[in-house]
Amino acid sequence: MSRRVVIDTNVYVSRLLREASVPGQAVGRAWREAATLVSVATLEELRAVLRRRKLARYFQPAKLEPYLEKVRSIATYVQVSTAIRACRDPRDDKFLEVAVHGRADLIVTGDADLLALSPFRGIAILTPAAYLEME
């Protein structure tokens, strides 16, 4: 049975900017070996972050929509029915919600606010490097 993985926005952004980076490799592994979980809220955040002007100089705008479509088409959508308020940064709670409601095995993130909660309700929260080291 394959793992169920939530990938944080910062890891997806790193994949678009540098596919060969450690976060980029982590996304690639999740796409090959796991079910990646998303919600409407996590996808909206990814779209908003990728459209920030400061990121525009790092990739060609023509790559944005195909990348978002790939993330959407590979992912399993999770319906979030109840809010979770557990993270120091409330903007990160949406990833905990997807993980809990989607029965995730782990969250892959570079965010210290999320990493500090590991494990959260039995769900491991790992850096991309730690995820790549998993058996």
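Compute the Cα gyration tensor for region 6-65, then decide on rounded, prolate or oblate, letting a ≥ b ≥ c be the square roots of its eigenvalues: rounded whenever a/c is under 1.5, prolate when a/b is larger than b/c in the other cases, and oblate in all that remain.
Cα axes put region 6-65 in the oblate bin.
Which order do you get for Arg52, Arg15, Arg88, Arg47 if you rank them by accessible area with a 1.4 Å probe, largest at the top?
Arg88, Arg52, Arg47, Arg15
Which of these values of Kirkwood radius over Cα pairs in Å was calculated from the structure shown: [x] 18.9; [y] 15.2; [z] 14.8?
Computed from these coordinates, Kirkwood radius over Cα pairs in Å corresponds to label [z].
Give me the net charge of Gln25's neighbourhood, meaning all other residues with Cβ under 14 Å from the Cβ of Gln25; Lys, Arg count +1, Asp, Glu -1.
Neighbourhood net charge equals +1.
Give the angle, between 0 and 90 degrees and rounded to the nearest 10, that separates the Cα long axis of helix 22-33 from the longest principal axis of the Cα atoms of the chain.
In the chain, helix 22-33 runs at an angle near 70 degrees to the longest axis.
Angle between the Cα long axis of helix 40-50 and the longest principal axis of the chain, 0 to 90 degrees, nearest 10?
Long axis of 40-50 versus the principal axis of the chain: about 40 degrees.
Among residues other than Ser118 whose Cβ falls under 14 Å from its Cβ, what is the net charge (Lys/Arg +1, Asp/Glu -1)?
Around Ser118, the charge tally is -3.
Determine the share of the chain's accessible area contributed by carbon and sulfur atoms, expressed in whole percent, with a 1.4 angstrom probe. The partial results should precede the final answer.
Numbers: 3760 of 7290 Å².
The value for the chain is 52 percent carbon and sulfur by accessible area.
The values are calculated or read from the model by the stated rules, or taken from the named source; none is laboratory data. It should be emphasised that the depicted structure is a prediction, and the values quoted were computed from it without experimental measurement. Reconstructed Cβ throughout: ideal geometry from the backbone, glycine too, with neighbour counts over all protein chains shown. The protein model used for the area step is the full one, side chains on, heavy atoms only, and it has no ligands, DNA or RNA in it. Shrake-Rupley method; radii C 1.70, N 1.55, O 1.52, S 1.80 Å.
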